[in-house]
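The values are calculated or read from the model by the stated rules, or taken from the named source; none is laboratory data. Bear in mind that the values here come from a model prediction, so they are computed numbers and not experimental data. Cβ atoms come from the backbone with ideal geometry, glycine included; neighbour counts cover every protein chain shown.
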Amino acid sequence: MNSIQSPLVDLLTPEDAAQHLGVSAHTLATWRSTGRHALPYVKVGARVRYRRTDLDAWLNSRMHEHTGQSWEARP
């Protein structure tokens, strides 16, 4: 058996991605349609999937050290 994992194994449904982020699947759909957050997603035919690595990177990009820190001001 091949020990190399397919990148498709790392793809999450919108429901799984929403649970990972602590938001609803409806919120993710709204973000996709409005472009409110730059959260990458993959289209597989008519289906939407999220890579866990993209979700984790997005979460890390939103880290703050104090309440006065604007996310736009981060390097």
message = Looking at region 32-54 only, could you name the residues that are buried (at least 16 other Cβ atoms within 10 Å of the Cβ), touching a Leu at 6+ places or on another chain (Cβ under 7 Å) and of a type outside the set (Ser, Thr, Tyr)?
response = 49, 51
key: Residue under evaluation residue 50, criteria (1) outside any loop (DSSP other than H, G, I, E, B); (2) at pLDDT below 95, criterion not met   = (2)
query = When region 14-47 is examined, which residues are found to be aliphatic (A, V, I, L, M) and either in a helix (DSSP H, G or I) or more than 9 Å from the chain's Cα centre (by Cα) (or both)?
reply = 17, 18, 21, 23, 25, 28, 29, 42, 44, 46
